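Below: the structure, in structure tokens.
What follows draws every value from the coordinates through simple rules; no lab data is involved. The model shown is predicted, which means the values in this text are computed figures rather than measured ones. We place every Cβ from the backbone using ideal geometry, glycine too, and count neighbours over all the protein chains shown.
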Amino acid sequence: MKKNVWRAAIEVGFIIFLFYSNLLMGEFERSGMARQRGIAWAIEDIFTAANFEIATIAAFTGYILLEFLRKRF
């Protein structure tokens, strides 16, 4: 049981990491303001409560989907 909890925590954490890294990369694209304002501004801009809520929901949804597919195939 303990092993399953650690596995879930690692997978959810990795999905959240990918979400935030994608947001950070988006801030440095042509349309992003981070090119003018810098990395500190970009980090402050992406770490909001709304983004954390979206990342958490997406991470748990992704984890549930992955577990379903693992058990099915």
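Before moving on, here are some points about what is shown:
- Residue selected from segment 37-51 under the condition without any contact (Cβ under 8 Å) to a residue 12 or more places away in the chain and not hydroxyl-bearing (Ser, Thr, Tyr), by the criterion farthest from residue 70 (Cα to Cα): 37
- All positions within segment 1-36 that are under 17 Å from residue 66 (Cα atoms), more than 17 Å from the chain's Cα centre (by Cα) and not aliphatic (A, V, I, L, M): 3, 4, 6
- Entry remark, segment 20-53: residues being exposed (fewer than 14 other Cβ atoms within 10 Å of the Cβ) and either in contact with a strand residue (DSSP E or B) (Cβ under 7 Å, 6 or more places away or on another chain) or not small (Gly, Ala, Ser) (or both) number 15 in total.
- If the condition is being farther than 24 Å from residue 62 by Cβ, touching a Phe, Trp or Tyr at 6+ places or on another chain (Cβ under 8 Å) and assigned to a helix (DSSP H, G or I), then segment 8-41 contributes 34, 35.
- Check on residue 17, of a type in the set (Phe, Trp, Tyr) and either in contact with a His (Cβ under 9 Å, 6 or more places away or on another chain) or surrounded by 14 or more Cβ atoms within 10 Å (Cβ to Cβ) (or both): no
- Taken as a whole, the condition of being in contact with an Asp or Glu (Cβ under 8 Å, 6 or more places away or on another chain), closer than 24 Å to residue 5 by Cβ and surrounded by 11 or more Cβ atoms within 10 Å (Cβ to Cβ) applies to residue 63.
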